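Q: For reference, the structure I am asking about is given below.
Please treat every number below as a calculation from the coordinates, not as lab data. Nothing here was measured: the structure is a model prediction, and the numbers come from that model. Note that we place each Cβ from the backbone using ideal geometry, even for glycine, and neighbour counts take in every protein chain shown.
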There are 2 protein chains.
Amino acid sequence: MNIEVCHTPQAYSLFHKEEAIVVVIDIFRATSAIVTAFYNGVSKMIPVATVNEAKEYQNNGYLAAAERDGEVIEGFELGNSPFGYMNNKVKGKIIAISTTNGTQAIEASRKASKIVIGSFLNLDVLCEYLMVQKKDVILLCAGWKNKFNLEDTVFAGAVVEKLTSQGIYQIDCDSAIAAKHLYNLAKNNLFNFLADSSHRQRLAKLDLERDIKYCLTPNQCPVIPVMEGKYLVKL
Amino acid sequence: MNIEVCHTPQAYSLFHKEEAIVVVIDIFRATSAIVTAFYNGVSKMIPVATVNEAKEYQNNGYLAAAERDGEVIEGFELGNSPFGYMNNKVKGKIIAISTTNGTQAIEASRKASKIVIGSFLNLDVLCEYLMVQKKDVILLCAGWKNKFNLEDTVFAGAVVEKLTSQGIYQIDCDSAIAAKHLYNLAKNNLFNFLADSSHRQRLAKLDLERDIKYCLTPNQCPVIPVMEGKYLVKL
């Protein structure tokens, strides 16, 4: 089986394979928030591309989350901070969510036969799951507005490292090789390695260091969100 | 001034800036061949996107080069092996050239105010030139069929390393940060670092180790090809 890393939603169509499993990755912070939400008892989520769609769900009585450029959109209770999903208000609820990059990546990969959500928070359970599926894996980084970003790639590298170490998965993709190198440079201190990254800088301005530290701490939420029709549900 | 790395021609429009200098990079082997050609006295080159266009120039009496998937297209004298351009037959000539990735990258960046050609063969003169221009730089990797590749990115990292070491250029682009990391991992033995890369594997099948070693040896051809209208000329 092969494992590939796709850096941006824009490039996804070049990687699409009928039977592959797509792992959507948006470390700061959409997929970290989604994993946290399911770990805290959210029942379903509905990822949508536009803020208007999220608004419509809200008007129909759903909880709704909307974030652009790191900030919660006015009129919404939730954005993409994982800490927003750590309370009893979300338990058992269905939440519509639209974010700058993460939900765009889900949108880009809609045609995939299976889409799961990855983050450092569910790294080990995700890799264990992938290992037994025996299918090709496409690690789809959400990036930043269709540009490469470092934190999503470093996480993709962590998955590549784990999946290839068992000899079940092979790499024949340069972006997977590069991601693995970057993860190995970063792994002893993810926080420091990412200190200069553009998105860290962006979030630092928004005073989100607590979010960043949380999003970089592996295996706090051992759940795997998976797309089923228009819903994300817990596997 | 900023320096950015764009991994593929597909992504170029996201990076385009009116006044920036674009460096087109296709280490294996188009830009290495182009730099070699000018060093060996070629007068002008005409990069074209399609083999048909190259054929037309050939029919009109020009020397023409055409390569797809690493091999010279039947009916053409030249492909993208730098060694093809090391003889007196090319001296003073105008050569039309179409390659799998390199000329596509030139095509994608046509709107740029300045396009120059980069390779390890002209690394130092290129960096010295960029350093005095005092303009934003976009390092445009040709990649492989619009996917990221390792050798172009490692070269981009070498340029980032050199330009930022003087304090004139700044990075606010994650792909430039990543490229610099990859170059620093690779620089002591480029050949070994790239041994597993997908394109090395592709070229190994075509028995092109001599080309690879040549393309990875810095500063053998201190010339800078630059686009002027439809022509590449020596700066």
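Q: Sort A:Ser13, B:Ser119, A:Ser198 so the one with the fewest other Cβ atoms within 10 Å of its own Cβ comes first.
A: A:Ser13, A:Ser198, B:Ser119
Q: Using C-alpha positions alone, give me the convex hull volume of chain B per residue in cubic angstrom.
A: Per residue, the Cα convex hull of chain B comes to 107 Å³.
Q: For a footprinting-style exposure proxy, rank A:Leu126, B:Leu163 by other Cβ within 10 Å, fewest first.
A: B:Leu163, A:Leu126
Q: Ignoring everything except DSSP H segments at least 4 long, calculate the 222 nm mean residue ellipticity for chain B; use -39,500 (n - 2.57) per segment, divide by total residues, nearest 500.
A: -10500 deg cm²/dmol
Q: Using the 7 Å Cα-to-Cβ label point, sort the distances from A:Asn184 to its equivalents in the other copies shortest first and give them in nm to one decimal.
A: 1.6
Q: In addition: Taking beta carbons within 10 Å but only from partner chains, what does the mean come to for residues A:140-149?
A: Average per residue, whole number: 4.
Q: Excluding the sites themselves, what is the longest stretch of chain B that contains no GluC sites (Glu not before Pro) in a DSSP loop with at most 15 other C-beta atoms within 10 Å?
A: B:78-235
Q: Zone of B:Asn2 (label point 7 Å along Cα→Cβ, backbone N under 12 Å): which residues in the range B:142-173?
A: From the range B:142-173, the list is B:170-173.
Q: Using a label point 7 angstrom from Cα along Cα-to-C-beta, what distances in nm, from shortest up, separate B:Gln201 from the other copies?
A: Relative to the other copies, B:Gln201 has label-point distances of 3.5 nm.
Q: In Å and from the alpha-carbon atoms only, list the Rg and Dmax of the protein assembly as shown.
A: 23.5, 78
Q: I'd like the antiparallel share, as a percent to the nearest 5, of DSSP beta bridges with both residues in chain A.
A: About 25 percent, rounded to the nearest 5.
Q: Report, for A:Lys134, each distance to the same residue's label point in the other copies, shortest first and in nm; define the point 7 Å along Cα→Cβ.
A: From this label point to the equivalent ones elsewhere in the assembly: 6.5 nm.
Q: Within a 10 angstrom radius of each residue's Cβ in B:175-187, how many Cβ atoms of other chains show up on average? Whole number is fine.
A: Mean shielding count: 4.
Q: Expressed as a rounded percentage, what relative contact order does chain A have, with Cα pairs under 8 Å and six or more residues apart?
A: Once normalised by length, the contact order is 34 percent.
Q: Per residue of the range A:9-20, what does 6.51 cos²θ - 1.76 cosθ + 1.60 with θ = phi - 60° give for ³J(HN,Hα)? Whole Hz please, x for Gly and Pro, Karplus curve as stated.
A: x, 3, 7, 3, 4, 6, 9, 3, 9, 2, 9, 6
Q: Could you tell me what percent of the DSSP beta bridges with both partners in the protein assembly as shown are antiparallel, to the nearest 5?
A: Restricted to the protein assembly as shown, the bridges split so that about 25 percent are antiparallel.
Q: Ok, one more. Tabulate in residue order the Karplus-calculated ³J(HN,Hα) for the range B:168-178, using 6.51 cos²θ - 1.76 cosθ + 1.60 with θ = phi - 60°, rounded to whole Hz; enter x for Gly and Pro.
A: For the range B:168-178, the Karplus curve yields 7, 9, 10, 10, 10, 9, 4, 5, 6, 4, 5 Hz.
Q: Which whole-number percentage describes the relative contact order of the range A:157-235, with Cα contacts under 8 Å and a sequence gap of 6 or more?
A: 19
Q: What does the range A:32-128 give for Rg and for Dmax, in Å, if only its C-alpha atoms count?
A: Rg then Dmax for the range A:32-128, in Å: 12.9, 39.
Q: Measure up A:Lys213/B:Lys17; A:Lys213/B:Lys187; B:Lys135/B:Lys230; A:Lys145/B:Lys180 against 26 Å on the Cα-Cα distance and list the ones that go over.
A: A:Lys213/B:Lys17; A:Lys213/B:Lys187
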